[in-house]
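The block underneath contains the structure these notes are about, expressed in structure tokens.
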Amino acid sequence: MLVVAGPGAGKTFCLTARIQHLIDKGFNPHRICALTFTNRAAEEIATRLNTQEVWRGTIHSFCLQLLRELHEEAGLRKGFGVADEDYQRVILSRLRVPADRRGQLLTLFGRHRFQNYRLTPNDQRLFTEYKSWLAHRNMVDFDELITRAEPLSSRIADRWDYLLVDEFQDVNAVQYDFLKKLAHPRNNFFAVGDDEQSIFAWTGADPYVLVRFKRDYEVEPIVLDKNCRCSRQIFHTARRVLAQNPQLFQKQLTADRESSHEVEARTFRDEDEEAAWILDDLTAPWGECAILYRKHRVGEYIEGRLLRAGIPCRPARGRSLMEDDVIKYVVTALRVVRHPDDPVALE
């Protein structure tokens with residue numbers, strides 16, 4: 001079954017309701033597997049269902065668990081580590097890659113793995129040395145979690161009777177092949193996504209997998225077309241922005257929640273002037289106000305201004321515990337304890 005859901009139409013709610021329906025119909029919750037793209041969505045599924053019996057988690061955590069169990073078949077030694085982006089960048093620094101090119105190069109490596117992107121001879125050399133460094137340290141990166149786990153998926157497919165996947169538009173071709181093997185031979189495969197919300201193309205994600213799913217399983221998608229999240233004013237403004245984008249599926253999206261406010265766009269000389277305007281504009285009860293921002297740095301500045309003005313605020317959960325500097329330091333120290341000869345961890 002394929003569900004194409006517009007923004008704010010309730011993708012996670014739809015997935016959760018489907019799982020509850022399966023349980024009500026007699027499916028063993030231990031044999032239901034729900035995969036998401038964020039840990040938060042996985043937690044949300046568990047909270048809404050009020051059960052811990054359904055296996056749920058991100059595709060990467062699923063692949064990590066599979067590789068821990070079948071490490072020998074995957075060509076890994078027991079106790080292998082996972083390199084985060086900081087570790088990857090230090091490896092590239094050791095390979096004398098300029099700092100301003102490391103992020104771009106990691107993106108190209110991902111496209112090379114998932115989209116057969118052709119690297120230049122020099123980048124191919126760097127990719128070979130990068131992989132050799134990881135292998136020597138018994139480590140994999142996040143992309144390699146997928147590529148190493150994909151051939152093993154058929155080994156464990158019989159553990160689940162039903163596979164459900166959220167945010168399907170963010171799946172890349174290798175992940176899709178992995179999921180197909182996981183769902184075989186029962187093919188009880190439920191996918192929900194939105195072709196207009198794919199934001200991970202730079203990592204190899206391809207919303208065309210929605211079309212492949214429709215073709216491979218010969219299904220007609222169910223379209224959820226009512227936005228339940230936004231006011232009509234916000235929704236129509238967003239739709240005008242997206243009007244030029246190509247659509248893989250025809251959707252007539254609607255939103256009928258009214259607001260007394262129209263959408264406005266403002267510009268400011270600097271972040272100080274912007275924060276002053278925000279403080280002045282907070283006329284509603286504080287508990288009814290939210291401030292959205294694009295970078296954590298902006299949020300940290302505004303948080304400081306709010307607190308100095310005596311306005312209580314609570315940052316929403318955005319960063320993982322592993323991004324905290326103290327936690328990262330402790331984990332890296334433990335790596336040094338375990339592998340004193342690891343120059344990347346020492347650096």
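For the stretch 255-347, go through all pairs of different Cα atoms, get the mean of 1/r, take its inverse, and jot down that Kirkwood value in Å.
17.0 Å
Per residue, how much accessible area does the chain show when a 1.4 Å probe rolls over the protein heavy atoms, in square angstrom? Don't jump to the answer; show the numbers that get you there.
On the way: 20410 Å² over 347 residues.
Value for the chain: 59 Å² per residue.
By DSSP, what percent of the beta bridges with both residues in the chain are antiparallel, rounded to the nearest 5? List each step's numbers first, then the result.
Numbers: 1 of 22 bridges.
Once the DSSP bridges in the chain are tallied, antiparallel ones form about 5 percent.
Which GluC sites (Glu not before Pro) does the stretch 183-269 hold that lie in a coil by DSSP with at most 11 other beta carbons within 10 Å?
When the GluC sites (Glu not before Pro) of the stretch 183-269 are filtered for loop state and at most 11 Cβ neighbours within 10 Å, GLU218, GLU258, GLU262, GLU264 remain.
Can you bin the stretch 123-197 into rounded, prolate or oblate? Criterion: square roots of the alpha carbon gyration tensor eigenvalues sorted a ≥ b ≥ c, rounded for a/c under 1.5, prolate for a/b above b/c, oblate for the rest. Don't skip to the end; give the middle numbers.
Details: a/c = 3.39, a/b = 1.69, b/c = 2.01.
Oblate is the answer for the stretch 123-197, as a/c is 1.5 or above yet b/c matches or exceeds a/b.
Can you pull out the trypsin sites (Lys or Arg not before Pro) in the stretch 1-56 whose DSSP state is coil and whose Cβ has at most 15 other Cβ atoms within 10 Å? Present the calculation step by step, with values, prior to reporting the outcome.
Working: sites: LYS11, ARG18, LYS25, ARG31, ARG40, ARG48, ARG56; in loops: LYS25.
Passing both the DSSP loop test and the Cβ count: LYS25.
Which one, VAL263, LEU66, PRO315, projects farthest toward the positive side of the charge dipole computed for the chain from Cβ point charges (K/R +1, D/E -1)?
My answer, from the dipole projection, is LEU66.
Under 29 Å between alpha carbons, and skipping anything fewer than 8 positions from LYS181 in its own chain: which lysines qualify?
Once the sequence-local lysines are set aside, what remains near LYS181 is LYS11, LYS25, LYS78, LYS131, LYS214.
Can you list residues from other chains, or at least 5 along the same chain, whose modelled amide H is less than 5 Å from the amide H of GLY81?
Residues meeting the amide H criterion: MET139, VAL140.
Whenever you get a sec, compute what percent of the accessible area on the stretch 51-106 sits on carbon and sulfur atoms (1.4 Å probe).
Working: 1300 of 2930 Å².
The C+S portion of the solvent-accessible surface of the stretch 51-106 is 44 percent.
What chymotrypsin sites (Phe, Trp or Tyr not before Pro) does the stretch 250-347 have in DSSP loop regions with at most 16 other beta carbons within 10 Å?
On the way: sites: PHE268, TRP277, TRP286, TYR293, TYR301, TYR329; in loops: PHE268, TYR293.
Taking the stretch 250-347 and a limit of 16 other Cβ atoms within 10 Å, the loop chymotrypsin sites (Phe, Trp or Tyr not before Pro) found are PHE268, TYR293.
Going by amide H atoms built from the backbone, whose H comes under 5 Å of the H on ALA34, apart from near neighbours?
TRP55, ARG56, GLY57, LEU164
Between the stretch 275-292 and the stretch 163-182, what's the alpha-carbon centroid distance in Å?
Their Cα centres are 40 Å away from one another.
For ASN172, enumerate residues with amide H under 5 Å from its amide H, sequence gap 5+ or separate chain, H modeled in the peptide plane.
Sorted by chain and number, the residues that satisfy this are ASP206.
Return the Cα extents of the stretch 194-281 along principal axes one, two and three, sorted largest first, each rounded to a whole Å.
Reported extents, whole Å, longest axis first: 55, 33, 20.
The values are calculated or read from the model by the stated rules, or taken from the named source; none is laboratory data. Given the structure is predicted, the values throughout are model-derived calculations rather than measurements. Reconstructed Cβ throughout: ideal geometry from the backbone, glycine too, with neighbour counts over all protein chains shown. For the accessible areas, the whole protein counts, side chains as well, though only heavy atoms, and no ligand, DNA or RNA atoms are used. Shrake-Rupley method; radii C 1.70, N 1.55, O 1.52, S 1.80 Å.
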